[in-house]
Amino acid sequence: MARQIPEQELTPIEYQIAANPRGVSISELETALAIVGVVINRRTLLRRLTVLIEHNRIIATGVLKGRLYLPPGAKPADLFSIQESVIPLSDAGNEIRQYVSQPIQRREPVGYHRDFLLAYHENGPYFDDATREHLHRIGRAHQGAMPAGTVARQVLGRLLIDLSWASSYLEGNTYSLLETERLISFGQAAEGKDALETQMILNHKQAIEFLVESAEDVGFNRYTILNLHATLSDNLLPDPEACGRLRQLAVGIGGSVYTPLATPQLLDEYFQRFLDTAASITDPFEQSFFALVHLSYLQPFEDVNKRVARLTANIPLFKNNLCPLSFIDVPKRAYVEGILGVYEMNRIELLRDIYVWGYERSVKRYLSAREELGEPDPFRLEYRKQLANVVREIVCNAVANEDDYIREWATANLPETSRSKFLDLVKREVAALHEGNIARFRIKPSEFNVWREKQSLKC
């Protein structure tokens with residue numbers, strides 16, 4: 001017989017939910033309880049929430065990680081107006097939301113519809129001309145030609161934190177933005193967090209660095225997407241061989257009536273069709289949104305599909321020096337409903353509304369960051385790869401006489417007019433190294449610590 005839960009174990013939960021009439025997520029509820037000294041593991045908390053729901057003391061709405069708990073007087077309809085006040089929705093977006101917010105029993109089970117992908121060019125682009133022009137106008141942060149990835153490199157420090165946190169948050173990760181910053185900048189894992197959460201954020205960091213540093217080379221091809229998945233899923237999947245490999249088994253979608261493709265041969269075929277179609281799209285925003293939609297829909301991997309889709313959506317933006325899309329401030333519930341609209345209705349309007357709003361938020365954040373940084377140094381921009389290689393060699397090989405090494409390297413590899421300035425540039429960068437900026441030179445914390453210890457012995 002199941003143990004009856006004492007009232008004193010239920011009351012604090014009910015009180016915190018009553019204090020949040022607009023709804024509280026499981027992670028927010030855990031935080032609120034911890035503040036008042038009530039620490040409960042998630043499984044126990046879910047059991048107690050179930051009891052409260054069964055006795056009509058609270059209500060719940062939403063699915064997956066977008067589930068919210070509300071006091072009994074609140075109505076799910078109230079949530080629509082709350083979300084709408086944050087993200088302006090089109091009539092079509094509202095229509096999709098009304099459907100996917102229904103109990104799962106009222107939604108029609110569906111499988112993968114191949115025509116959704118195959119008919120893309122026939123049905124026309126997802127963005128109309130006015131929307132594309134708007135996105136280009138706000139996202140173009142510079143004038144003139146620049147090497148691919150320049151804008152992303154300029155804001156990389158902020159981007160690593162924002163995108164790693166936001167994408168992980170959308171998966172239910174409970175790290176705060178500040179905790180994510182400490183982890184990425186200083187390697188400090190937050191206390192009391194699951195190791196999987198820490199691994200998820202570190203994987204995002206590594207994956208973003210891969211895309212930014214290889215912006216000229218990555219694209220819509222198997223190498224890029226498979227390796228992106230391998231990086232994002234590292235140490236997170238039960239089967240390590242599934243990292244970077246198209247799935248060989250069927251998967252389900254929790255909280256949805258959608259069933260993805262199960263046959264490996266068909267999955268491989270439609271993955272290639274996705275790549276070919278994406279590569280044929282010329283507008284970077286259209287390409288970005290197409291990737292977000294169809295990678296999420298196809299579910300080509302055993303897990304980590306939506307994370308791959310969110311980072312892949314940034315590839316065209318990095319390559320074309322447009323402000324990146326960090327998903328910062330995107331409400332979790334709205335995002336889940338947008339994805340469900342794609343899964344269950346093959347409708348993109350709600351997710352499109354969310355994408356445009358989210359991009360506008362990202363632009364404001366990164367244009368402000370670029371203004372603080374000023375215009376990039378053209379010399380440093382021209383020799384950025386050489387600079388990264390030389391700094392990495394100095395640290396990883398613990399070069400004894402740095403000046404001689406740089407001078408000899410510059411003599412062998414650079415025109416005479418650039419050698420003196422390059423020497424000064426490398427010396428400044430080496431002198432400014434710290435644990436928060438070594439990633440841009442592809443230096444690992446362990447390599448940096450060894451080098452720093454040897455430097456201290458010289459003094």
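No value in this document is a laboratory result; all are computed from the given coordinates. The structure displayed is predicted, hence computed values, not measured ones. Every residue, glycine as well, gets a Cβ built from its backbone with ideal geometry; the counts of neighbours run over all protein chains shown.
Tell me which residues come under 5 Å, amide H to amide H, from V110 once H is placed; ignore anything under 5 positions away on its chain. It is Y258, T259, by chain and number. Taking square-rooted eigenvalues a ≥ b ≥ c of the alpha carbon gyration tensor, is the stretch 7-74 rounded, prolate or oblate, where a/c under 1.5 means rounded and, failing that, a/b exceeding b/c means prolate? Here the stretch 7-74 falls in the rounded category.
Which of the chymotrypsin sites (Phe, Trp or Tyr not before Pro) found in the stretch 314-345 are loop residues per DSSP with 16 or fewer other Cβ atoms within 10 Å of their Cβ?
Values: sites: F318, F327, Y335, Y343; in loops: F327.
Listed in order of number, the matching sites amount to none.
The charge dipole of the stretch 131-222, taken about its Cα centre with unit charges on the Cβ of Lys, Arg, Asp and Glu (plus for the first two, minus for the last two), comes to roughly 380 debye. Residue farthest toward the positive end of the dipole of the stretch 91-373, with Cβ of Lys/Arg at +1 and Asp/Glu at -1: which of P260, L160, F116? Of the listed residues, the answer is L160.
Quick check for me: using +1 on Lys/Arg Cβ and -1 on Asp/Glu Cβ, what's the dipole size of the stretch 91-373 about its Cα centre, in debye to the nearest 20?
Numbers: 28 positive and 37 negative charges, 64 e Å.
The calculation lands at about 300 debye.
Quote the FRET efficiency, to the nearest 0.05, computed for D403 versus E453 with a Förster distance R0 of 25 Å and r equal to the Cβ-Cβ distance. Efficiency, rounded to the nearest 0.05: 0.75. Could you give the angle, 0 to 90 degrees to the nearest 10, between helix 402-413's Cα long axis and the longest principal axis of the Cα atoms of the chain? The angle comes out at about 90 degrees. Relative to the longest principal axis of the Cα atoms of the chain, helix 91-100 runs at roughly 60 degrees.
Explain nothing, just the number: relative contact order of the chain, from Cα pairs under 8 Å at least 6 residues apart, as a whole percent.
Values: 559 pairs, mean separation 81.0, N = 459.
In percent, rounded to a whole number, it is 18.
Taking Cα centre as origin and charging only the Cβ of basic (Lys, Arg, +1) and acidic (Asp, Glu, -1) residues, the dipole magnitude of the stretch 211-266 rounds to 320 debye. Multiplying the residue separation of N41 and D276 by 0.36 nm and subtracting their alpha-carbon distance yields 80.0 nm.
So if each residue of separation counts as 0.36 nm, and I subtract the Cα-Cα distance between E9 and R114, what length gain in nm does that give?
In short, 32.8 nm is gained.
Taking GluC sites (Glu not before Pro) across the stretch 173-226, the ones in a DSSP loop with at most 16 further Cβ atoms lying within 10 angstrom of their Cβ are E191, E216.
Find how many whole Å separate the alpha carbon centroid of the stretch 386-459 from the alpha carbon centroid of the stretch 285-359. Cα centres, the stretch 285-359 to the stretch 386-459: 39 Å. Strictly over 24 Å apart at the Cα level, which of K319/K421; K332/K364; K205/K306; K319/K364 would you flag in this model? From the list (K319/K421; K332/K364; K205/K306; K319/K364), the Cα-Cα distance tops 24 Å for K319/K421. With a simple spin-label model that places each label point 7 Å from the Cα along the Cα-to-Cβ direction, the separation between A431 and H121 comes to 5.7 nm.
Counting other beta carbons within 10 Å of each Cβ, put C396, C243, C323 in order, fewest first. Walk me through the intermediate numbers first.
Details: C396 16, C243 21, C323 26.
Placing the least packed residue first, the sequence is C396, C243, C323.
Positive end of the dipole of the chain (Cβ unit charges, origin at the Cα centre): among L340, P103, T224, the Cα lying farthest that way belongs to P103. Spin-label model, D329 to E382: label points 7 Å out along the Cα-to-beta-carbon direction sit 3.9 nm apart.
The alpha carbon centroids of the stretch 89-138 and the stretch 151-179 are separated by 26 Å. Of the labelled figures (1) -0.67, -0.96, -1.11; (2) -0.57, -0.90, -1.10; (3) -0.69, -0.86, -0.94, only one reflects log10 I(q)/I(0) by the Debye sum over Cα atoms at q = 0.09, 0.11, 0.12 Å⁻¹ as derived from the coordinates, namely (1).
Kindly provide the helix-only [θ] at 222 nm of the chain, computed as the sum of -39,500 (n - 2.57) over DSSP H runs of four or more divided by all residues, to the nearest 500 deg cm²/dmol?
Values: 24 runs with 280 residues, N = 459.
Dividing the helical sum by the residues of the chain leaves -19000 deg cm²/dmol.
FRET efficiency for the L414 to T50 pair, using the beta carbon distance and R₀ = 60 Å, is estimated at 0.35.
Phi angles of the stretch 233-250 translate, via the Karplus equation with coefficients 6.51, -1.76, 1.60 and θ = phi - 60°, into HN-Hα couplings of 9, 3, 6, 10, 9, x, 9, x, 6, 6, 6, x, 10, 4, 5, 10, 9, 6 Hz per residue; Gly and Pro are given as x. The order of F116, F290, F441, going from fewest to most other C-beta atoms within 10 Å of their C-beta, is F116, F441, F290. Here r is the Cβ-Cβ distance between E95 and S185 and R0 is 30 Å; the resulting FRET efficiency, rounded to 0.05, is 0.10. With the simple spin-label model, which puts each label point 7 Å out from Cα in the Cβ direction, the N389 to L249 separation comes to 4.4 nm.
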